[in-house]
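See structure below.
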Amino acid sequence: MLLNGTGEVIDDHEYPATTEELIETCGEHRLELPNGTETVEEVLGRLESETFESPEDARFAVYSAVSDKAVGRVGYSDRDPTPLGSPYAPDAMSF
């Protein structure tokens, strides 16, 4: 994910800051995601209103609220086997 200057705007904002204040300040900034883009307003709009104590808190909120456009392959993991019954399991093959 590329913040495209949003990180600097978040860093320069005065804290503590509310979700609404950050949307007003940097809501127009676009985040470049692997499968498209989203504005900070769209991302933070998914969250309940809260007060961020630091730029790091605000960045983590943005990172945690992006949509599945930020995921390369939804449901993919190269670390664990796919659980039985998962909708992301590959089709069964008969040999």
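Taking segment 34-47 as the range and being closer than 11 Å to residue 4 by Cβ and touching a helix residue (DSSP H, G or I) at 6+ places or on another chain (Cβ under 6 Å) as the test, only 40 passes.
Say we look at segment 32-49 and pick out the residues that are modelled with pLDDT of 90 or more and outside any loop (DSSP other than H, G, I, E, B); which of these is surrounded by the fewest Cβ atoms within 10 Å (Cβ to Cβ)? Ranking the candidates gives 37 first.
Any residue in segment 24-33 that is touching a residue at least 40 places away in the same chain (Cβ under 8 Å), under 12 Å from the mean Cα position of the chain (by Cα) and under 20 Å from residue 4 (Cβ atoms)? No, segment 24-33 contains no residue that is touching a residue at least 40 places away in the same chain (Cβ under 8 Å), under 12 Å from the mean Cα position of the chain (by Cα) and under 20 Å from residue 4 (Cβ atoms). Residue 14 meets each of the listed conditions (1) out of contact with any Gly (no Cβ under 8 Å at 6 or more places or on another chain); (2) closer than 20 Å to residue 67 by Cα apart from (2). Of all residues in segment 50-67, exactly one satisfies the criterion of being in a helix (DSSP H, G or I) and loosely packed, with under 12 Cβ neighbours inside 10 Å, namely 64. Within segment 47-67, residues that are more than 10 Å from residue 16 (Cα to Cα) reach partners that are at pLDDT below 90 and not aliphatic (A, V, I, L, M) with beta carbons closer than 7 Å, at six or more positions or on different chains, in the pairs 59/7.
The values are calculated or read from the model by the stated rules, or taken from the named source; none is laboratory data. This structure is a prediction, so every number in the text was calculated from the model and none was measured. Cβ atoms come from the backbone with ideal geometry, glycine included; neighbour counts cover every protein chain shown.
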